[in-house]
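Chemist: Input: one structure, supplied below.
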Amino acid sequence: MPKIALPTPLRPYAGGRDSVDAEGTTVGEALAALTAQHPPLQRHLFDEAGRLRSFVNVYRGDEDVRFLDGAATPLAEDDTLWIVPSIAGGAPTTEEAAPPLTNDEIRRYSRHLIIPEVGLAGQRKLKAASVLCVGAGGLGSPFSLYLAAAGVGTLGIVDFDVVDDSNLQRQILHGTSDVGRKKLESAAARLWDINPNVRVVPHDTRLSAVNALDILRDYDVVADGTDNFPTRYLVNDACVLLGKPNVYASIYRFEGQASVFFAEKGPCYRCLYREPPPPGLVPSCAEGGVLGILPGLLGVIQATETVKLLLGIGEPLIGRLLLVDALGLRFRELKLRKDPDCVLCGPNATQRTLIDYDQFCGIPHPEAAGPSEMSVEELKAKIDRGDNFVLLDVREPHEVEIAALPGSVRIPLRQLPEQLDRLDPAAEIVVHCKLGPRSTRAVKLLREAGFPRVWNLSGGIDRWAERIDPGVPRY
Ligand code: ZN
């Protein structure tokens, strides 16, 4: 006997069953028998005039019956009739506009096609969809791998970086043989190998206030896979201005956060965090480290949310902040509300364009090193001359264990305020950390505490290892 497969939302009206026997020899007869047997289904499937509701599609196998003989479409013994409601909202593409699937694609996506919530219509929506992934790093890796595999038609990637040894612990888009190669090239090759049906669009640039609106404009959904505050605010603001959903995640050590910021339906990132923390206060993963698996967890959550948005199914993470604690393996959820005073998405929003995000986040432009900056070359010259100065290392003890410069005084940044008496206010002091943010903060703190001759080592011990002493390990 033919069967009727029921989608999850309709099962409560059919005694909780996921499928029932189809009684009748045509689609029309089978649906009539179904609603006769389960009367509550009637109003979900048909309007007052008895017509199938416009947001409900019926498939015989993988064919939409509207393109067969409608209600008169015959049913054979082993046929399955699929009822697929297209849930309103979130789906950027109408089914009619979505391209058909080739036979190869039908085979490739068969595990999707047999989920009623995806089905042929959903898979065609994915094929018609375009998603932008900002960053081909830790979060962007699992995100883009799964979206390519899932059959998202167009996958844009913004990145300007080169694959480095220290990326491989978590950035699984790239392999050992890719070290030294542009991340975009390595990503495109890997994604095309996973699914040659996907159009990968590389954007070889640093996303900025100048180019962001032009780059984001063509995409249905934007995923934020960045690791720095200026770009995170830039992505948020550009998405709000363009009316795009921004699928967000961030990671640090063993903890992660995820949400979907979609100003039309809920809060934006600015509603959650009005202003960025001062530079150096919240360490980046490069400074503080991250468990390599964590971006996998969070990037997969971003991919899941993106697919749900594209299909218009389920309950998106809009208005909710998911907190992931990998050490306790606990997931917690916080309610997020729209900030009525949000300058970007509130009713009295004042910001209508993109701004200078480095300035907003208090980050000096890298090219415009202030008078308090010292290059690694200058430090080398100072050491070679035998100048009398103090080299202050403000990194944590476990980092000093990995790599350290000889003769340095070691006071972790967080202990610096209580240990100022270890330093001579009259001395010349050069401060370094791993990359620069913590030492920048230490320099500010020392200046305010009355140490006038303080320098920040630009690029930290990492740049020292890169340019001066390759014997110092980089981590
Ligand atoms: Zn907002």
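Chemist: Just give me the residues in the range 157-181 being modelled with pLDDT of 95 or more and of a type in the set (S, T, Y), in sequence order.
Modeler: Correct list: T176, S177.
Chemist: Now a separate question. Just one of (1) surrounded by fewer than 21 Cβ atoms within 10 Å (Cβ to Cβ); (2) within 16 Å of the ligand (Cβ to nearest atom); (3) farther than 25 Å from A150 by Cα; (4) in contact (Cβ under 8 Å) with a residue 24 or more places away in the chain trips up A326, so point out which.
Modeler: Evaluating A326 over (1) surrounded by fewer than 21 Cβ atoms within 10 Å (Cβ to Cβ); (2) within 16 Å of the ligand (Cβ to nearest atom); (3) farther than 25 Å from A150 by Cα; (4) in contact (Cβ under 8 Å) with a residue 24 or more places away in the chain leaves (2) as the failure.
Chemist: OK, next. Given the conditions (1) out of contact with any Ser or Thr (no Cβ under 6 Å at 6 or more places or on another chain); (2) away from the ligand (no atom under 16 Å from the Cβ); (3) not polar (S, T, N, Q), and given that A349 satisfies all but one, which numbered condition is not satisfied?
Modeler: Here A349 meets the rest and fails (2).
Chemist: Check the range 308-320 and report whether any residue there is modelled with pLDDT of 90 or more, within 16 Å of the ligand (Cβ to nearest atom) and part of a strand (DSSP E or B).
Modeler: Here is the first cut: in the range 308-320, the residues modelled with pLDDT of 90 or more are 308-320.
Remaining after also requiring within 16 Å of the ligand (Cβ to nearest atom): 317-320.
So of that shortlist, the ones also part of a strand (DSSP E or B) come out as 318, 320.
Yes: one or more hits.
Chemist: Related question: Restricting the search to the range 431-456, which residues are farther than 19 Å from E401 by Cα and either part of a helix (DSSP H, G or I) or modelled with pLDDT of 95 or more (or both)?
Modeler: Initial filter on the range 431-456 (farther than 19 Å from E401 by Cα): 437, 440-456.
Residues satisfying the conditions are P437, T440, R441, A442, V443, K444, L445, L446, R447, E448.
Chemist: Then there is this: All but one of (1) of a type in the set (F, W, Y); (2) under 30 Å from R270 (Cβ atoms); (3) more than 16 Å from the ligand (Cβ to nearest atom) hold for F360, so report the exception by its number.
Modeler: (3)
Chemist: Here's another thing I want to ask about it. Looking at the range 203-261, which of its residues are aliphatic (A, V, I, L, M), part of a strand (DSSP E or B) and under 19 Å from D161 (Cβ atoms)? Quick ask: steps written out before the conclusion?
Modeler: Initial filter on the range 203-261 (aliphatic (A, V, I, L, M)): 207, 209-210, 212-213, 215-216, 221-223, 234-235, 238, 240-242, 247, 249, 251, 258, 260.
In the following step, the residues that additionally are part of a strand (DSSP E or B) were identified as 221-223, 247, 249, 251, 258, 260.
Residues satisfying the conditions are V222, A223, A249, I251.
Chemist: Let me ask something else about it. Which condition does L297 not pass, out of (1) farther than 21 Å from R217 by Cα; (2) surrounded by fewer than 18 Cβ atoms within 10 Å (Cβ to Cβ); (3) of a type in the set (A, V, I, L, M, F, W, C), if it passes all the others?
Modeler: Failed condition: (2).
Chemist: Does the range 423-436 contain any residue that is within 16 Å of the ligand (Cβ to nearest atom) and surrounded by fewer than 19 Cβ atoms within 10 Å (Cβ to Cβ)?
Modeler: To start, the set of residues in the range 423-436 that are within 16 Å of the ligand (Cβ to nearest atom) comprises none.
No - not one qualifying residue is present in the range 423-436.
The values are calculated or read from the model by the stated rules, or taken from the named source; none is laboratory data. What you are looking at is a predicted structure, and each value in this text was computed from that prediction instead of being measured. Ideal geometry is used to build each Cβ from the backbone, glycine not excepted, and the neighbour counts take in all protein chains shown.
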